[in-house]
Each structure stands twice: as C-alpha cells, then as structure tokens.
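Computed from the coordinates by the stated procedures, all read-outs in this text should not be read as laboratory data. Nothing here was measured: the structure is a model prediction, and the numbers come from that model. So basically every Cβ, Gly included, is an ideal-geometry build from the backbone, and we count neighbours across all protein chains shown.
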C-alpha cells in the first residue's frame, strides 16, 4: 500500500536555477547575458534574483523579453531587512514576485518581509544559512518560508560554507515542514555557476506552472545525479535514479540507512530505518561525489 509518492502526478521535470545575480545589483554580467548563458547550457528556466536594496534601486528585473518557446524566466529578488541574531541583514530568496513589489521600509523585519513576499505569491527560501551563520532560532522565525537553501554553489566555491542541511534537519526535527533547494547564487566573478539546481515537475514550462510546482514541493535538487522515482510504502522506500555510488535514506539525527554499489539505479531501503523519525529524505551520490537531494517526506502523510 503506497502511503506517499513525492514524484506522483503528470508532467515532466524541468531544470532551473532559482538564485542568480546580474549588473542590476552586484554581479558582472547583464540580465541578457545571464539569461543567454543559462539558456544555452541546457537550463529550462531561470530566476534572476538581484539584491532588493535601496542602493540598487530595489530591482525586480523584468526578464520576460528573454523567454522563448524552450526557456522561461521567473521574476524575483533576494530581499533584505534587519536583523539576524548576529546583527546582519537577512538574505531571503523570493521567486515569483510581481514587478510592482513595494520597496522595503526601514521598520520592516526579516520575518515581516518574508511574509509580505509570500502573500504576494512568491516561493520563499531561507538563503545560504551556512554562509552567514544563521541560527536555528533565526530560521524558525521565518514562519512563511517554503524551503531552505541546502546547497549554495557560490558560498561553497568562495567560502566553503555552501551547505544548509544541518539547519534544515534541525528545523524538521522541530516539526517545521519545509522543503530544500540547491542554487548557484552566481555573481560570475569566479566559477560560481552551473553547480546546483532544481528539477521541477510540471505539465508545462509556463512560469505559473513552474512556480506552482515549487510551492507544492514537486521537485528535487541536484548537482548532477537524477532521481527518477521515489516511492514510500508501509514497508520500504524505493528509489530509481541515474547510476549512483550510494543511495542514502536519512531521518532525524542519526537515523539513516545506505546502500553502496557501482552504478546503482534501483534501491529499496526498509521503511523501518525511519522508525524513530517523523520524516525521511533521500540523497543520491554519483561516482564523482555529486549529490541529488529529495525534499523531505512526512510519514504521517
């Protein structure tokens, strides 16, 4: 008896980067160049998310002119407000914002700004928490978040602080039902692009369909491996994937199981491995060490 199939539903998977910058804020490529670069390198969609700050004139960059029949864009921004526990400004990824989204007033806090983005229809992700030392309490205060950025390629390349799974696992253990996302956060000042992306399942490449897939959690994140299917039954978790060297089933704290092999493509792991955890998630690793991550799935679903 199937309890949950995170990959159920119609449509196909579309590859996209949710976090990218341009010359409209602090990157070195123009919006046109950024969109062309991703389009020409096999991406189906891109969100240009420049820093939504007064010094850049609060940009929501209109990339609609760069859409084609085989490539689309989502409008968004990386929004900021004071202040985290460490006294830094917040970094909150917001994909699906309207062009007339109002500038951030001085009195608005990070959680309030995230709530306003969500109310405007955006997919909201807590950006690169490892990079700037975001605490669990900080992250937990963003009540309207859809996801945590669990891999940020720029943060990995430039500071070795690209991972966010520790923080997301801590939130999941508290009962927060959040998804994950991998991104580039490309600024193009070094080789900080094409390192992490999402694969969204949708019936079409229409921006609204992609955004709906993100909001519903119908996607997985990757650095290269593919997850073709993930099925959770009463007895086991079944994974079909591209050739892998390991497939891991993880839950709360040290709850885990793993299979190792040369070119694994189908793996069945016992559901009992998650007996002390309310949720599970899957990690697929290929021979080059690149990973793909499922979103967390909840065992009471």
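Of all beta bridges that DSSP places with both ends in segment 11-221, some 50 percent have antiparallel geometry.
The largest-to-smallest principal axis extents of the Cα set in segment 227-298 are 31, 22, 19 Å.
Taking each residue as 0.36 nm, the span from residue 120 to residue 253 lengthens on full extension beyond its C-alpha to C-alpha distance by 44.4 nm. Once the Cα atoms are used to define both axes, helix 207-216 deviates from the longest principal axis of the chain by about 50 degrees.
Taking a point 7 Å out from the Cα of residue 262 in the direction of its Cβ, the residues of segment 270-301 whose backbone N falls within less than 14 Å of it are 287.
So what is Rg over Rh here for segment 154-287, counting just Cα atoms and using Kirkwood for Rh?
0.97
Relative to the present Cα-Cα distance, how much length would full extension add between residue 68 and residue 26 at 0.36 nm per residue of separation?
12.5 nm
Treating r as the C-beta distance of residue 206 and residue 5 and R0 as 25 Å, the FRET efficiency rounds to 0.60. Taking each DSSP H run with n ≥ 4 as -39500 (n - 2.57) and averaging over every residue of the chain yields -4500 deg cm²/dmol at 222 nm.
Calculate, in whole percent, how much of the Cα-Cα pair population of segment 11-221 lies beyond 26 Å. Percentage above 26 Å: 26. Among 64, 161, 281, the ranking by other beta carbons within 10 Å of each residue's beta carbon, starting with the fewest, stands as 64, 161, 281.
Could you please rank 183, 285, 265, 73, placing first whichever residue has the fewest other Cβ atoms within 10 Å of its Cβ?
In increasing order of surrounding Cβ atoms, one gets 265, 285, 73, 183.
Going by neighbour counts of Cβ atoms within 10 Å, the residues 255, 95 line up, fewest first, as 255, 95.
The slack between residue 141 and residue 12, meaning 0.36 nm per residue of separation minus the straight C-alpha distance, is 43.0 nm.
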